[in-house]
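The values are calculated or read from the model by the stated rules, or taken from the named source; none is laboratory data. This is a predicted model, so every value here is computed, not measured. When we count neighbours, we look across all protein chains shown, and the Cβ atoms used for this are built from the backbone with ideal geometry, even at glycine. Accessible surface is based on the protein model in full, side chains and every heavy atom, while ligands, DNA and RNA are left aside. Shrake-Rupley method; radii C 1.70, N 1.55, O 1.52, S 1.80 Å.
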Amino acid sequence: MSSITESTIQRRRLLVQGIVQGVGFRPFVYGQALRWSLAGFVYNDSQGVTIEVEGTPEALDGFQRALNEQAPPLARIDSVATELVHPRHEDTFVIIHSHKGSERSALISPDTATCEDCLRELFDPADRRYRYPFINCTNCGPRFTIVQDVPYDRDKTTMRVFPMCPACQAEYDDPLDRRFHAQPNACPVCGPQIRLDVWSNVGDSEIVGTRLIASCPSEQLTWEQWGGQDAMKHVPTGNVDFITLAAGLLAKGAILAIKGLGGYHLACDALDEEAVRRLRQRKRREARPFALMVPGIETAQQLCVLNDAEATLLKSYRRPIVLLAQKMDCPVAPGVAPACNTLGIMLPYTPLHYLLLRAFAKAIEPGRPAALVMTSGNVSDEPIAYQDDDARKRLFSIADGMLTHNRDIHMRCDDSVMRIVAGGEQFFRRSRGYAPEPVSLSIELPVPLLACGGHLKNTFCLGKGQKAFLSHHVGDLENLETLTSFREGIEHFSRLFDIYPQALAYDLHPEYLATKYALDSDIAQKIGVQHHHAHIASVMAEHGLSEPVIGVAADGTGFGTDGAIWGCEILLADLTGFERLAHLAYIPLVGGEQAVHQPWRVAATYLAQIYGDAFLNLDIPLVHSLDRAKWHVLTQMIQKGINSPPTSSLGRLFDAVAALLGLRNEVYYEGQAAVELEMLAASVDISEPYPFFIAEQTPAKLNVSPMFESIVRDIQRDLPAQRIAARFHRSIAELLLAACIAARKQTGRNMVALSGGVFQNLLLLEQLMKRLEEEGFQAFINRRVPPNDGGLSLGQLAVAAARLRQL
């Protein structure tokens, strides 16, 4: 080896790991080898990319610097292992066919938005891919959603059924071409094609001189009852401009199912109140906000107020939905985001989206913002539809037609949802554009692991080495369809990343379907992780924290170690365990899950706990509207301990105050009352908190009875609801701060980790972060996974690994 080192010519073998397949990395390597006059080869394998380069040490050093400093935009290099090998005295550098090794550690790129180069070609009449809805290159397009296996080659994707024409094949084979080994490479001659199916009349629309359907089917009919595929009438193929026709239908008030990268959207004109109302009614989504897609930043600025960070995130190649503050004169139909002062906005991320939005803008009145509702293609509580036949059956009663295509989606993947908060990014949902990119861990996992996540907003997490592969958004595990998606996702990730877990982690709640899946698993080693400990551990895993922290976990529901429903917990936590230092004082959650849907129950319970039966004489609207007979029954349930588990949930306290202020007695989705309370409070700046006290016992009790009494007095004095809501938010921030100060005094710890769904409340989070900083704390929040239950699986994985290392 010493003789090689001393030679004027060296040969180095490099194993590059990270996201380096399907992102133009091999042609980049080829170009750099030519630039530095190096010989050798490069190929993909199941571990990443293997390179052998031969030349002078100076040229080899320059080549390796370029690998790290000038890699393609979608590449992410995690490691480069280098060794010297014997020179071969070659005089060329070549790209050779992929190798399939026994161990897989190659990473798959997320799906990414259409790049600027492809956009220029898309709208260039002289380009052979002019207006082709599936244009892509190594810098953009589908990845994760079409990959079936690794190494990432065309025959292991859903594009394998489209043989390339000579022109596309020549691009694919040319190492200096932007489409070299771009696995989804295609053109109008050889690639996927779109199709427009319409089964309802929309404003007597006519296409190619033929009425679409003679009569609109009853909304009560199913796909099969209507006649299924035999009854389908679709526009004939040929030179018909399906996208312009679809845009015209949307402009006339139609609801269309549109096939995207990871599944179907349901789309309609966001400024058409009647279309939005029909979509809500048919989709059975009474109140949860819809996401919008707009052509560009300029349209987003017509609807919302954007800062530079929000604009950058909106335009990023990951293209998430970004939550933005609505303008006062926003023309979007009120039904898009009822009772919200924000809108979820995204920009187009496929060529089809770009073409559709441009055509829609031409089909509507000049000067009117072109904004389409683009909500998940499903019925409430079901997973997003992604297979064509299933989508036709499930969306038939919702949509008037379908703009689809024949490139199959292998793995469903919903849109990611994010916002800018406290100086950085925060996920509400981590999915398309981010999954399956791993979260890097600061320590090595002792064995391959699976973490099953929670019940709501489920994700699972598979890990090995120092990588945690958090899944795409699976959804609420409320039905067989979503559970099936959960199971299939685990199998797919296991195969893609060669992770066959030897241990698994799960939530302690015995009725969660993810927990039942774990307990039924053949994997012998099972590790139960308390819900709120997992929340705090997710923050610690993200930030590489190993020392104990003060954890503030705040959410709606989590199964506690004492059998109660926890939800406002002050913990001293490390990755192996936790001590419960304090929590919100318990109240009975009368009716259990029913109280989540009917916040008035929680408000009445707080009032009864504070005032006794005398609360029925309070001169406030909630008491006036109370059904006394129903409350009598609930009182009996509380007294007899029937379906009235104790809860310390902060989410339920927000619900109670919303009900007290008359905002919401019943909710259509979890957190709706709290969201509306935050919206109400956002316009008022309050510095003075309501009173509260902390009972010094073990664990300490955070008592909000004085706060509730003060709110009642303010209601009786007819103070504005906005002012009460704002003061309540300020009070909760001060209460949690006081609990942290007490915890620091008790433990000597100064680092605070905040997690749980309550910290999706922008107003509360920013107030608390500011106050913690003023008091000298180091505060950490989730940045790479959601603070809601979508981040649980990462925390479960970290806890399970830490406990296994102790064995």
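For the stretch 76-93, name all the residues that are open to solvent by 60 Å² or more (accessible area, probe 1.4 Å) and in contact with a strand residue (DSSP E or B) (Cβ under 7 Å, 6 or more places away or on another chain). Give the steps one after another, and end with the answer.
Of the residues in the stretch 76-93, the ones open to solvent by 60 Å² or more (accessible area, probe 1.4 Å) are 82-83, 86, 88-92.
Across the stretch 76-93, the qualifying residues are THR82, GLU83, HIS86, ARG88, GLU90, ASP91, THR92.
Which residues, counting only those in the stretch 588-611, are among the aliphatic types (A, V, I, L, M) and outside any helix (DSSP H, G or I)?
Start the filter on the stretch 588-611 by keeping residues that are among the aliphatic types (A, V, I, L, M), which leaves 589-590, 595-596, 602-604, 607-608, 610.
Within the stretch 588-611, LEU589, VAL590 qualify.
If VAL799 meets every condition in (1) out of contact with any helix residue (DSSP H, G or I) (no Cβ under 8 Å at 6 or more places or on another chain); (2) more than 21 Å from SER683 (Cα to Cα) apart from one, which number is that one?
Only one criterion in (1) out of contact with any helix residue (DSSP H, G or I) (no Cβ under 8 Å at 6 or more places or on another chain); (2) more than 21 Å from SER683 (Cα to Cα) is unmet by VAL799, namely (1).
Which of the residues belonging to the stretch 48-78 are within 25 Å of TYR317 (Cβ to Cβ) and without any contact (Cβ under 8 Å) to a residue 24 or more places away in the chain?
ARG65, ASN68, GLU69
Give the number of residues within the stretch 181-197 that are out of contact with any Lys or Arg (no Cβ under 6 Å at 6 or more places or on another chain), within 14 Å of ARG26 (Cβ to Cβ) and open to solvent by less than 10 Å² (accessible area, probe 1.4 Å).
Residues flagged as out of contact with any Lys or Arg (no Cβ under 6 Å at 6 or more places or on another chain), within 14 Å of ARG26 (Cβ to Cβ) and open to solvent by less than 10 Å² (accessible area, probe 1.4 Å) within the stretch 181-197 amount to 1.
Give the residue, chosen from ILE345, ILE398, that is outside any strand (DSSP E or B) and in contact with a strand residue (DSSP E or B) (Cβ under 8 Å, 6 or more places away or on another chain).
ILE398
Kindly provide the set of residues from the stretch 478-491 that are within 11 Å of PHE460 (Cβ to Cβ) and not charged (D, E, K, R), ordered by number.
Of everything in the stretch 478-491, those that are within 11 Å of PHE460 (Cβ to Cβ) and not charged (D, E, K, R) turn out to be SER485, PHE486, GLY489, ILE490.
Please name all residue pairs, on different chains or six or more residues apart, with Cβ atoms under 6 Å, provided the first residue is in the stretch 405-431 and is closer than 30 Å to LEU196 by Cα and the second residue is part of a loop (DSSP other than H, G, I, E, B) and hydrophobic (A, V, I, L, M, F, W, C).
Between residues of the stretch 405-431 that are closer than 30 Å to LEU196 by Cα and residues that are part of a loop (DSSP other than H, G, I, E, B) and hydrophobic (A, V, I, L, M, F, W, C), the close pairs are HIS410/ILE146; ARG412/ILE384; ASP414/ILE384; SER431/CYS413.
Checking LYS770 against (1) open to solvent by less than 10 Å² (accessible area, probe 1.4 Å); (2) assigned to a helix (DSSP H, G or I), which single condition isn't satisfied?
The one condition LYS770 does not meet is (1).
Condition first: assigned to a loop (DSSP other than H, G, I, E, B) and open to solvent by less than 20 Å² (accessible area, probe 1.4 Å). Now tell me which residues in the stretch 438-476 satisfy that.
Correct list: PRO438, LEU445, CYS452, GLY453, GLY454, THR459, PHE460, SER471, HIS472, VAL474.
Taking only pairs six or more apart or across chains, which ones have beta-carbon atoms under 6 Å, a first residue in the stretch 315-326 that is without any contact (Cβ under 8 Å) to a residue 60 or more places away in the chain, and a second residue that is in a loop (DSSP other than H, G, I, E, B) and surrounded by 24 or more Cβ atoms within 10 Å (Cβ to Cβ)?
none
So is GLY795 under 12 Å from ALA537 (Cα atoms), part of a helix (DSSP H, G or I) and either free of Cβ contacts under 8 Å to residues at least 40 places away in the same chain or under 17 Å from the mean Cα position of the chain (by Cα) (or both) or not?
yes
Report, by residue number, each residue of the stretch 773-792 that is open to solvent by 30 Å² or more (accessible area, probe 1.4 Å), acidic (Asp, Glu) and not in a loop (DSSP other than H, G, I, E, B).
GLU773, GLU774 - these are the residues of the stretch 773-792 that are open to solvent by 30 Å² or more (accessible area, probe 1.4 Å), acidic (Asp, Glu) and not in a loop (DSSP other than H, G, I, E, B).
On the given criteria, is ALA399 over 29 Å from THR312 (Cβ atoms), among the hydrophobic types (A, V, I, L, M, F, W, C) and under 21 Å from the mean Cα position of the chain (by Cα)?
Against the criterion (over 29 Å from THR312 (Cβ atoms), among the hydrophobic types (A, V, I, L, M, F, W, C) and under 21 Å from the mean Cα position of the chain (by Cα)), ALA399 does not qualify.
Among residues belonging to the stretch 495-504 that are assigned to a helix (DSSP H, G or I) and open to solvent by less than 10 Å² (accessible area, probe 1.4 Å), point out the one that is farthest from ARG803 (Cα to Cα).
The extreme case among them is LEU496.
Say we look at the stretch 348-383 and pick out the residues that are of a type in the set (A, V, I, L, M, F, W, C) and open to solvent by 10 Å² or more (accessible area, probe 1.4 Å); which of these is farthest from ILE297 (Cα to Cα)?
VAL379
Would you be able to tell me the number of residues in the stretch 621-646 that are surrounded by 13 or more Cβ atoms within 10 Å (Cβ to Cβ), of a type in the set (S, T, N, Q) and outside any helix (DSSP H, G or I)?
2
Can you name the residue in the stretch 742-762 that is among the charged types (D, E, K, R) and in contact with an Asp or Glu (Cβ under 9 Å, 6 or more places away or on another chain) and, of all such residues, is most open to solvent (accessible area, probe 1.4 Å)?
ARG749
Could you figure out which of (1) buried (at least 18 other Cβ atoms within 10 Å of the Cβ); (2) free of Cβ contacts under 8 Å to residues at least 60 places away in the same chain; (3) in contact with a Phe, Trp or Tyr (Cβ under 6 Å, 6 or more places away or on another chain); (4) farther than 22 Å from ASP111 by Cβ isn't true of ALA33?
Of (1) buried (at least 18 other Cβ atoms within 10 Å of the Cβ); (2) free of Cβ contacts under 8 Å to residues at least 60 places away in the same chain; (3) in contact with a Phe, Trp or Tyr (Cβ under 6 Å, 6 or more places away or on another chain); (4) farther than 22 Å from ASP111 by Cβ, only one is false for ALA33: (2).
Scan the stretch 477-503 for residues that are touching a Phe, Trp or Tyr at 6+ places or on another chain (Cβ under 9 Å), touching a residue at least 60 places away in the same chain (Cβ under 8 Å) and of a type outside the set (Phe, Trp, Tyr) and jot them down.
GLY489, LEU496 - these are the residues of the stretch 477-503 that are touching a Phe, Trp or Tyr at 6+ places or on another chain (Cβ under 9 Å), touching a residue at least 60 places away in the same chain (Cβ under 8 Å) and of a type outside the set (Phe, Trp, Tyr).
Would you please name the residue that is nearest to PHE144 (Cα to Cα), looking only at residues in the stretch 157-176 that are assigned to a helix (DSSP H, G or I) and open to solvent by less than 80 Å² (accessible area, probe 1.4 Å)?
Filtering first and then ranking leaves THR158.
Scan the stretch 477-494 for residues that are open to solvent by 70 Å² or more (accessible area, probe 1.4 Å), at pLDDT 95 or above and under 16 Å from HIS455 (Cβ atoms) and jot them down.
ARG487
Do you know which residues across the stretch 553-576 are open to solvent by 20 Å² or more (accessible area, probe 1.4 Å) and touching a residue at least 24 places away in the same chain (Cβ under 8 Å)?
THR557, PHE559, THR561, GLY563, ILE565, LEU572, ASP574, LEU575, THR576
Please verify whether LEU765 is among the aliphatic types (A, V, I, L, M), closer than 19 Å to PHE428 by Cα and open to solvent by less than 10 Å² (accessible area, probe 1.4 Å), treating the condition exactly as stated.
So LEU765 passes the test.
Pairs, please: C-beta under 7 Å, at least 6 apart or cross-chain, first residue among the polar types (S, T, N, Q) and in the stretch 578-604, second surrounded by fewer than 21 Cβ atoms within 10 Å (Cβ to Cβ)?
GLN598/ASN665; GLN598/GLU666
When only residues in the stretch 256-279 that are of a type outside the set (Gly, Ala, Ser) and within 22 Å of the chain's Cα centre (by Cα) count, which is farthest from VAL474 (Cα to Cα)?
Ranking the candidates gives ILE258 first.
Step by step: first the residues of the stretch 681-718, then only those that are assigned to a loop (DSSP other than H, G, I, E, B), open to solvent by 50 Å² or more (accessible area, probe 1.4 Å) and modelled with pLDDT of 95 or more, then the one that is nearest to CYS340 (Cα to Cα). Which residue is that?
Residues of the stretch 681-718 assigned to a loop (DSSP other than H, G, I, E, B): 682-692, 696-699, 704, 717-718.
Imposing the further condition that a residue be open to solvent by 50 Å² or more (accessible area, probe 1.4 Å) reduces the set to 682-683, 685, 687-688, 691-692, 696-698, 717-718.
Right, trim to modelled with pLDDT of 95 or more and you get 691-692, 717-718.
On the way: PRO691: 29, PHE692: 29, ARG717: 27, ASP718: 24 Å.
Per the stated criteria, the residue is ASP718.
Any residue that is basic (Lys, Arg) and more than 37 Å from the chain's Cα centre (by Cα) - is there at least one of those in the stretch 625-635?
yes
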